[in-house]
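See below for the structure under consideration.
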Amino acid sequence: METKKQVIKRYIILHLCILFFTMSTIMSKVAAKFDFLSIKYIICFVIMFAILGIYAIVWQQAIKGFSPSVAYSNKSVTTIWVLLFSNILFQEGIELQNIIGAALIILGVILVAKNE
């Protein structure tokens, strides 16, 4: 039987992996600022695909020990990370609907995790 500390550690690793995945979205947003197929555009996409490749390998390790419903419901937290990074890096606004949506995502993740 796992201790509470071990479970928390697994969740932290899972969420660090999800945070890393969010970086691919940020890179695609950065790429959109450059001319199509320019060197900077291509560099952004190469970085994005590298992030996705690393993520694919790390994700498989991170979800070990989680049921698929728990692992993939936690992945919805990506939306919250993207919302935060969009605000911080691109000065995009956070509206009431965004906050309500983020709260619903967190509530859903908690409800699914409690059943494990």
- Task: For residues that are within 22 Å of residue 59 (Cα to Cα) and exposed (fewer than 14 other Cβ atoms within 10 Å of the Cβ), scanning just segment 29-49, find the one that is nearest to the chain's Cα centre (by Cα).
- Result: 49
- Item | Search result, residues across segment 20-35 that are closer than 17 Å to residue 74 by Cβ and touching a residue at least 40 places away in the same chain (Cβ under 8 Å) | 21, 22, 25
- Can you tell me which of 67, 24 is within 18 Å of residue 109 (Cα to Cα) and either out of contact with any His (no Cβ under 8 Å at 6 or more places or on another chain) or charged (D, E, K, R) (or both)? 67
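From the list 20, 66, exactly one residue is buried (at least 16 other Cβ atoms within 10 Å of the Cβ) and not in a helix (DSSP H, G or I). Which is it? Walk me through how you get there before you give the answer.
On the way: 20 fails: not in a helix (DSSP H, G or I).
When all the criteria are applied, what remains is 66.
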- Message: Which count do you get for residues in segment 27-44 that are assigned to a helix (DSSP H, G or I) and closer than 18 Å to residue 85 by Cβ?
- Response: 6
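Bear in mind these aren't lab numbers, they're just calculated from the coordinates by the rules spelled out. Model, not experiment: these values are computed from the prediction. Note: ideal-geometry Cβ built from the backbone for every residue, glycine included; neighbour counts use all protein chains shown.
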